[in-house]
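Written out below as structure tokens is the structure these notes cover.
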Amino acid sequence: MFIVVFKNYLKLNVINVLIQLGLISGVYISLNFFINVPFFIEIIIYSFVISFNNKFNINYKYFIANFLALSIFFFLSNYVYKKIAFPKDSLTNLQKYGYLNLINKKLLNDRKDYSILFIDIDDFKYINDSFGHIIGNKILKELATILKRSIRPTDFIVRYGGEEFIIILQNTEKNTAIEIAERIRKKVESHTFINENKCLNITISIGISSSNKHYKNFFALINTADKNLYKAKSSGKNCIYPKYTVL
């Protein structure tokens, strides 16, 4: 970003450059610590700040060029950052627990309601003990594929740990989340996992929680979904909780 400033304003005096850098620093601090705005709004603000000429009048040609340059820069840097900071689970190729922090930030910026599905394979220890961990791992991998194909590209899926998975359904209210959870449960129940001529069937239990205008704490909602998963397990497994939509 600073390279763009110096390239466009090489003829500016030191005071003007320092003022502009001060503005950029102020915008950065405000957007990262005090104000949550969508990502593209950040790029527009930065492009606006660095597009003044030496008389501090906006140069719209610079604005468009800076906007395009910063969009590419932020996209590539964000992609590299995710690859380095949040490596995917080697078995399922899903994001791991730490990625939830990034999802939390995005949901705060979007300010839309969302729902969480907390998924656990029923009696997975029995499967590992009876058929071995190699088959258990293959089931985890195949289940991850089923779950990914059951949600939209805009939703998130994370391997929470072991045989537990979390799905975050963006812009989804509770009744819709319940319908989606039941559809996923039925899909897994009817799927046959085939390995070395062995046909295996598994079931899952799902706990559900949803945000609303009064309750949007992401990690508290995960905890609620976890508790609802326990209720689903206590109800006999192979079910979801809550089970019924609210009118």
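If I filter segment 218-231 down to residues being under 26 Å from K112 (Cβ atoms), open to solvent by 40 Å² or more (accessible area, probe 1.4 Å) and not hydroxyl-bearing (S, T, Y), which single residue comes out as nearest to the chain's Cα centre (by Cα)? My answer is F219.
Of all residues in segment 106-123 being open to solvent by 20 Å² or more (accessible area, probe 1.4 Å) and in contact (Cβ under 8 Å) with a residue 12 or more places away in the chain, which is nearest to G161 (Cα to Cα)? My answer is D123. If you filter segment 133-170 down to residues that are out of contact with any Ser or Thr (no Cβ under 7 Å at 6 or more places or on another chain) and among the charged types (D, E, K, R), you find that the one that is least open to solvent (accessible area, probe 1.4 Å) is D155. Checked against (1) open to solvent by 30 Å² or more (accessible area, probe 1.4 Å); (2) under 23 Å from S211 (Cβ atoms); (3) hydroxyl-bearing (S, T, Y), S130 passes all but condition (2).
To keep it simple, each residue is scored yes or no on (1) in a strand (DSSP E or B); (2) in contact with an Asp or Glu (Cβ under 6 Å, 6 or more places away or on another chain); (3) free of Cβ contacts under 8 Å to residues at least 24 places away in the same chain; (4) open to solvent by less than 80 Å² (accessible area, probe 1.4 Å).
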| residue | (1), (2), (3), (4) |
| --- | --- |
| T172 | no, no, no, yes |
| R185 | no, no, no, yes |
| S205 | yes, yes, no, yes |
| K233 | no, no, no, yes |
| Y244 | no, no, no, no |
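The values are calculated or read from the model by the stated rules, or taken from the named source; none is laboratory data. Remember, it's a predicted structure, so these values are computed and weren't measured experimentally. All Cβ positions, glycine included, derive from the backbone under ideal geometry; neighbour counts span all protein chains shown. Ligands, DNA and RNA are stripped out before the accessible areas are found, and what is left, the full protein with its side chains, is counted by its heavy atoms. Shrake-Rupley method; radii C 1.70, N 1.55, O 1.52, S 1.80 Å.
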